[in-house]
1. Let me know the charge dipole size of segment 28-85 about its Cα centre in debye, to the nearest 20, where only the beta-carbon of Lys, Arg (+1) and Asp, Glu (-1) is charged.
2. Roughly how many nanometres apart are two label points built 7 Å out from the Cα toward the Cβ at HIS55 and ASP28?
3. Under 8 Å for C-alpha pairs, at least 6 residues apart: give me the relative contact order for segment 31-140, rounded to a whole percent.
4. At 7 Å along the Cα-to-beta-carbon direction for both THR74 and PHE137, put a label point, then send me their distance in nm to one decimal.
5. Using the Cα atoms of segment 79-142, I'd like the radius of gyration and the largest Cα-Cα distance, Dmax, both in angstrom.
6. So how far apart, in nm, are the two label points at MET102 and SER130 if each is 7 Å from Cα heading toward Cβ?
7. Take SER67, SER62, SER127 and order them by how many other Cβ atoms sit within 10 Å, fewest up front.
8. Mean 1/r over all different Cα pairs, inverted: what Kirkwood radius does segment 31-140 give, in Å?
Amino acid sequence: MTQTLEFKQKGHLDPALSDPATKTLNADKLIGRWLNTSLETEGLAEIVIEQDGDHFFVSAVSIGDGSMIAWPRTRATALANLEEEAGQRALALAVDFDFGFMKAETYIRVNKGVLVIVAYHDFLDGSRRSNYVNREFFYRKD
């Protein structure tokens, strides 16, 4: 069965995507230090989001075998996060962490005061490990 996808013109998009106000959304809800809500996490323990002018940077610390592993401070891309069910507009971030052996394509947003991160982990080293996706939740640590 062949599926045909329609190309959407700018006029077909949600009006908020072309609204200039969406491009100047307030980043205050994202900026800061965030800690994982699960003390049992085997993934990210901490996220730090910084803003320098129009640019955003994200760094992280993950749990390793008996030690913490610092992820590199990486520039993020700002996205409009449109919450369809609530009609809210907020700022979200996309950031790619490249470790050489693995890439983590990461999307970050705040939902009801909780930082939500979805990360797609892609192994590039030929190790035959399975690529995976995970979602983690963080609370603000001021």
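Laboratory data are not the source of any read-out in this text; all were calculated from the coordinates shown. Here the structure is a predicted model, which means the values were calculated and not measured. Note: ideal-geometry Cβ built from the backbone for every residue, glycine included; neighbour counts use all protein chains shown.
1. On the way: 4 positive and 11 negative charges, 61 e Å.
So the magnitude is around 300 debye.
2. Modelled inter-label distance: 2.5 nm.
3. Numbers: 235 pairs, mean separation 21.7, N = 110.
Here the relative contact order equals 20 percent.
4. Label-label distance for THR74 and PHE137, simple model: 2.4 nm.
5. For segment 79-142, the Cα-based Rg and Dmax read 14.3, 44 Å.
6. Here the answer is 1.4 nm between the modelled labels.
7. Numbers: SER67 6, SER62 17, SER127 9.
Ordered by Cβ neighbours within 10 Å, fewest first: SER67, SER127, SER62.
8. Values: mean 1/r = 0.0681 Å⁻¹.
Mean inverse Cα-Cα distance, inverted, gives 14.7 Å.
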